[in-house]
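To start, the structure under review is shown below, and the notes come after it.
The values are calculated or read from the model by the stated rules, or taken from the named source; none is laboratory data. Worth saying up front: this structure is predicted, and the values here are computed from it rather than measured. Every residue, glycine among them, receives a Cβ derived from its backbone with ideal geometry; neighbour counts consider all protein chains shown.
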Amino acid sequence: MKKSNLLSLDSLSFQDFDENSELIPLMTPEDEEEINSEKLPETLPILSLRNTVLFPGVVIPITAGRDKSIKLINDANAGSKVIGVVAQKNEEIENPTAKEIHEIGTVARILRVLKMPDGNVTVIIQGKKRFKVAEVLTEEPYMNATIRDIPESKPSDKNKEFAAIIESIKDLALNIIKQSPNIPSEASFAIKNIESNSFLVNFVSSNMNLTVAEKQSLLEIDDLKKRALATLKFMNIEFQKLELKNDIQSKVQMDMSQQQREYFLHQQMKTIQEELGGVSHDEEIEEMRARSLEKNWSDKVADHFDKELAKMQRMNPQVAEYSIQRNYLELFLDLPWDEYSKDKFDLKRAMKILDRDHFGLEDVKRRIIEYLAVLKLRNDMKSPILCLYGPPGVGKTSLGKSIAESLGREYVRISLGGLRDEAEIRGHRKTYIGAMPGRIIQSLKKAGTSNPVFVLDEIDKLSNSHQGDPSSAMLEVLDPEQNNEFYDNFLEMGYDLSKVMFIATSNSLSTIQPALLDRMEIINVTGYTIEEKVEIARRHLLPKQLKEHGLTDKDLKIGKAQLEKIVEGYTRESGVRGLEKQIAKMVRYAAKNIAMEEDYNIKISNEDIVTVLGGPKLERDKYENNNVAGVVTGLAWTSVGGDILFIESILSKGKGLLSITGNLGKVMKESATIAMEYIKANADTFGIDAEVFDKYNVHIHVPEGATPKDGPSAGVTMLTSLVSLFTQKKVKKNLAMTGEITLRGKALPVGGIKEKILAAKRARITEILLCEDNRRDIEEIKPEYLKGLTFHYVTDMSDVIDLAITNQKVSNAKTL
């Protein structure tokens, strides 16, 4: 049976195919003449190759994975089987355009198409003639272009110089095959049997170890003689490299033989030592030394490591210090010295991630994007220290996780709640038994990079003890001027934290050390409105709980109206943690019925909510009880968000004493005293008989006495309550107020306005009385949060009384 040798793409090796194969044998001069006489089609589909160049006459397999390439091959295989093959200028481009491919290519004929199990297609093609892309007509569904033939200048058969070049190419190719261990010796038979000079040049050019650009440069040479000469130059370079490589290999082999001999001797020595009871630790030390050579650290760190490694080498492995020294050196090797992940400064993508993970919080997300924008413009800038400040359950910690994802950085979190040992931050000195590095260095080791997003959770809950002040230790961590040389006691060296993006979270600013607070940029993460809570429950909380309980959205559906009922009747927080607990109860209700194969309403009704959660815990009528003189609704800020409180005043016969109850702090008691003295000084203005102050005792009470309360915000409310009491006129319905007062009757601004506004909306309050200076706080709040609210701005107490107290007396008013 006649056989023919065909080219294998990977090297100058060949495979045998029988005469029934669809593949074409090596090109003969007759085949070449026949191809040259063929007329090229006017247009061809263009297949772009990433990492190879096709030469005329050469057979190569191509693996196609791109959708465009697969469709082109399938369409051509079903038709004329003729395509144009062109190399890409940049192999990393997924979908190259006309400008991103070379102009010169090769017309190819499809010999066979094989479908691979992974979905890719392998096609075996043979080059025919060179062509030039004249004009790209279309790029969809794949590239089509008009082409024109490129004439090739060939020397005559009598040209002695050309004949000498061809003979040199053959001889050099045979030498390369002989010298290279990777090329089978059978390849030399193929070289000897090639009859066509042009095919020999193309064949060798295709199989040389050249870059795509170098091969393309050979393909683009029109003169065959010049192409052969250029090919011979490349072959000479390749042959010289091969000779040099073989020479080095022989020398290295001799050296390795000597090293192997020494290695076996060392192994024998180690065995003898172990038999005698000793332990050899040379292998462990050499392994550490080898790992140190791969580290990208500074000369200072390298010198320190080598010094400590030498110290360990001199130690007896039986002593206690040996294990400490080994842990110390392993920490050095595990830390990511000067290893940084590449930031992804796609701010639009970052905004999508923040919007995906957090509903609302528009101001917070805007400020985060501003910080990322600055980092993008000043890539060498030290990372800012952010502090997300707000009540529990509003998403402060998860914001840090979203920032890490949007930047493409590693995410690290440590909780500082209750931490009272300074060594937790700075580490222990390694002379102590059980010494270990601080949690900052440990977390960087876990992250594997020196620029993660580092969340310091609950930084306001750091506490002091006889073991030091962790707050002071955090100063060096969070100070951009110092943390490029953060000193850990265990590490005994400075470590660069300047590229770390620290994000702290806090429920209160009052407990944070002032110097530490000064080093952070405060971002106020306020609470959510009822509408936002409903959307968060619908988008995040309900799907999360269904997944955690093994259910799907087909097993339980809670409508917006029902979610709003749960929010209003069963939660009283600024965040959504309590809301998630209530939704979890509803999901467990469905899970129980499914497990017990009992019927239940998949679509939850209001009655189902009462059945599962019980009666509403928060009744709205108690928030609107201003029908008695001396009762006023105030707005307060707490660590869990805004809230409303009632201030009640009552008169009893006595000697004009003032008593205050309700677990109040010093500031609130002072506000009550100021309000009482101001009323006595301005009794005529309010139409109050001065004798009342001597005949009646005044008692002020703030309900929910078990809850501690303090702050200046209740001053306006207390004064209004007392005026209402003395004049026996009730306060306007659905009105709440907040503000500080002075002895001159001036109303001063207070903080926490947004949280107080949210509390007022939850309580169905429609009118809010504020100091004029708090107008700017209202202007910063989104208009949709203020829908249904009317604001009254005052500057002194006479304005407050005019707005808050109606002229109508209470029906059961007491005559004083």
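General observations
- Scanning the range 462-504 for residues that are within 25 Å of Asn524 (Cα to Cα), among the hydrophobic types (A, V, I, L, M, F, W, C) and in contact with an Asp or Glu (Cβ under 7 Å, 6 or more places away or on another chain) yields a single hit, Ala473.
- In the range 422-435, the residues that are more than 19 Å from His466 (Cα to Cα) and either modelled with pLDDT of 85 or more or surrounded by fewer than 18 Cβ atoms within 10 Å (Cβ to Cβ) (or both): Thr431, Ile433, Gly434
- Taking the conditions (1) touching a Ser or Thr at 6+ places or on another chain (Cβ under 8 Å); (2) more than 18 Å from Leu407 (Cβ to Cβ); (3) surrounded by fewer than 19 Cβ atoms within 10 Å (Cβ to Cβ) in turn, Thr449 satisfies each one other than (2).
- If you filter the range 758-775 down to residues that are outside any strand (DSSP E or B) and closer than 15 Å to Ala747 by Cβ, you find that the one that is farthest from the chain's Cα centre (by Cα) is Glu772.
- Considering the range 311-348, and only residues there that are surrounded by fewer than 13 Cβ atoms within 10 Å (Cβ to Cβ) and of a type in the set (Lys, Arg), the residue that is nearest to the chain's Cα centre (by Cα) turns out to be Lys342.
- Picking from residues in the range 89-108 that are buried (at least 17 other Cβ atoms within 10 Å of the Cβ) and of a type outside the set (Gly, Ala, Ser), the one that is nearest to Glu139 (Cα to Cα) is Pro96.
- Filter result (within 17 Å of Ala672 (Cβ to Cβ), hydroxyl-bearing (Ser, Thr, Tyr) and touching a Phe, Trp or Tyr at 6+ places or on another chain (Cβ under 9 Å)) within the range 722-752: Thr738, Thr742
- Just one of the listed residues (Val750, Val723) is surrounded by 24 or more Cβ atoms within 10 Å (Cβ to Cβ) and part of a loop (DSSP other than H, G, I, E, B), namely Val750.
- Residue, nearest to Phe131 (Cα to Cα), within the range 68-98, restricted to residues that are within 39 Å of the chain's Cα centre (by Cα) and assigned to a helix (DSSP H, G or I): Ala98
- Contact map, the range 770-790: first residue without any contact (Cβ under 8 Å) to a residue 60 or more places away in the chain, second residue aromatic (Phe, Trp, Tyr) and surrounded by 14 or more Cβ atoms within 10 Å (Cβ to Cβ), Cβ cut-off under 6 Å, separation 6 or more or different chains; pairs are Leu770/Tyr793; Glu772/Tyr793; Arg775/Tyr793.
- Identity of the residue in the range 101-118, in contact (Cβ under 8 Å) with a residue 40 or more places away in the chain and either outside any strand (DSSP E or B) or not assigned by TED's automatic domain parsing to the domain that holds Ile60 (or both), that ends up nearest to Ile150 (Cα to Cα): His102
- Screening Pro141, Pro181 for residues that are under 23 Å from Asn207 (Cα atoms) and within 51 Å of the chain's Cα centre (by Cα) leaves exactly one candidate, Pro181.
- Number of the condition not met by Lys669 [criteria: (1) in contact with a strand residue (DSSP E or B) (Cβ under 7 Å, 6 or more places away or on another chain); (2) in contact (Cβ under 8 Å) with a residue 24 or more places away in the chain]: (2)
- Residue within the range 697-706 that is in the same structural domain as Leu635 (by TED's automatic domain parsing), under 13 Å from Gly656 (Cβ atoms), of a type in the set (A, V, I, L, M) and at pLDDT below 85 present: no
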